[in-house]
Amino acid sequence: MAASVLPPQALAGRTAALVCVAAMVSLAVAMGVGRFAFTPLFPLMVRDGLLGGEAGALIAASNYLGYLVGALVAARIRVPPATLVALGLLGTVAATAAVGWTASVPVWVALRFVAGVLSAWTLVATSAWGLGWLARLGRPHLAGTVFAGVGLGIAGAGLFCLVVAGPGVSSLGMWVQLAGWAGIATLFPLLVVWHRPAAATAPAALPAGQVAPQPPARTAGLVSCYTLFGFGYILPATYLPALARQLVDDPQVFGLAWPLFGLAAAVSTIVVSWGLQGANRLRVWAASHLLMVAGVLLPAVWASLASVTIAALLVGGTFMVITMLAMQEARARAEGHATAVLGRMTAGFALGQLLGPLASAAIGRFTADFSTALNHALALSAAGLLASAFYLWRAARRSAH
């Protein structure tokens, strides 16, 4: 196919479908496994006596630190996006399987750091490759479908744990099995990127860490709000299954929290991208923060499976919506400095989600137990989300006048 000639309509449709599915699966593996597999497996590792609350927080924080480092480095790697997608996916599968081959907490910390780096690389490369193809094919509106892969990956990892977990099933063995399923899933995106390595006019890789000398000042508040969002969502996103396990020690029951979270994220991404295109972004962003506040606080003030379920829906149903809205608003304000602004947004988000587990672990040193420490950390997260919602709502009112 000539690079300068668009394919016929039917061929363009099939190509767009292949690209969407491949990019969706790529993000599902990178995020659902590389970033968030620890969440549904953490309570099972606690059940097996392999981990406690502080060690779990350290492992989670190492993954978020890896994501921050990976996001800052990815834009500087001089390889084609399709190649980086392949390297990221294969590395994620290997790092995930390796968790099940050891019982050393320091090794787990290192492996989850590596998985965080690889997931950031895959996210950057998949965005560059997939969105480049969709732009060339004249179907940029399908981007919401691509990013639904994040929620689908989260739901898939959660459903795997829900189905496989049982009294006699080792959590370490489940890491290896999950890596095997992830390896099978990666075959399709690997095949597609091999045959369609790049669009003729693919956009540059997601700019994480490339800061222009003079970025526009009007985005400082957005960066702060996005940082608070990263801090606010990460604790419930990490510990919802563990909270459910405190209420009922049955993996077939407490394991439902994570699939619900992922499905809510996937559905909300598609619904908002199609249904709220004309709405004020700042108002929808602020409202999403308020809904997330409710989801963050519910498990701390109402200990029941119902509250954990509602929290999973509220947090899962807003965190990808906020991501889309924040990126759109920042790009609209970029004034020719999109690389700098989106780089600061990405770094702020990564920093916020890194600080969440660390704050929980630090509070744990001054409280009687892990549950009390987590409740205090959730309250702190909710306060940050509430303050950022207030700022966004005021900003929306100022922009309307």
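The values are calculated or read from the model by the stated rules, or taken from the named source; none is laboratory data. None of the values given here were measured: they were computed from a predicted structure. Note that each Cβ is placed from the backbone with ideal geometry, even for glycine, and that neighbours are counted across all protein chains shown. Please note that ligands, DNA and RNA were not included when accessible areas were found on the heavy atoms of the full protein model with its side chains. Shrake-Rupley method; radii C 1.70, N 1.55, O 1.52, S 1.80 Å.
Dipole of segment 1-127 computed with +1 at Lys/Arg Cβ and -1 at Asp/Glu Cβ about the Cα centre; of TRP101, PRO81, LEU68, farthest Cα towards the positive end is PRO81.
For segment 77-135, the fraction of 1.4 Å probe accessible surface lying on carbon and sulfur atoms is 80 percent. Our summary gives the chain a relative contact order of 24 percent, counting only alpha carbon pairs under 8 angstrom and 6 or more residues apart. Length available on full extension from TRP302 to THR102: 0.36 nm per residue minus the Cα-Cα distance, which gives 68.3 nm. Over segment 64-169, all Cα pairs binned in 10 Å intervals from 0 give whole-percent P(r) values of 14, 36, 34, 13, 3, 0, listed from short to long. Among ALA155, ALA185, ALA286, which one shows the biggest mean-square fluctuation in a GNM of the chain, springs joining Cα atoms closer than 10 Å? Among ALA155, ALA185, ALA286, the largest GNM mean-square fluctuation belongs to ALA185. Look at the dipole of the chain built from charges on Cβ: of VAL33, ALA306, THR15, the Cα furthest out on the positive end belongs to THR15.
A Förster radius of 60 Å combined with the Cβ-Cβ distance from ARG196 to ASP369 puts the calculated FRET efficiency at roughly 0.70.
Here the gap between PHE390 and THR83, fully extended at 0.36 nm per residue and compared with their Cα-Cα distance, gives a gain of 106.3 nm. Which percent of the Cα-Cα distances in segment 85-143 go past 14 Å? Considering segment 85-143, 60 percent of its Cα-Cα pairs are separated by more than 14 Å. Which of rounded, prolate, oblate describes the chain, given a ≥ b ≥ c as roots of the alpha-carbon gyration tensor eigenvalues and a/c under 1.5 marking rounded, otherwise prolate only if a/b is larger than b/c? Cα axes put the chain in the oblate bin. For segment 1-151, the Kirkwood estimate of hydrodynamic radius, built from reciprocal distances between every pair of different alpha carbons, is 16.4 Å.
Distance between the pseudo-spin-label points of ARG14 and VAL271 (7 Å out from Cα toward the beta carbon): 3.5 nm. Full extension of the chain between VAL176 and SER399 yields a length gain of 75.2 nm, computed as 0.36 nm times the residue separation minus the alpha carbon distance.
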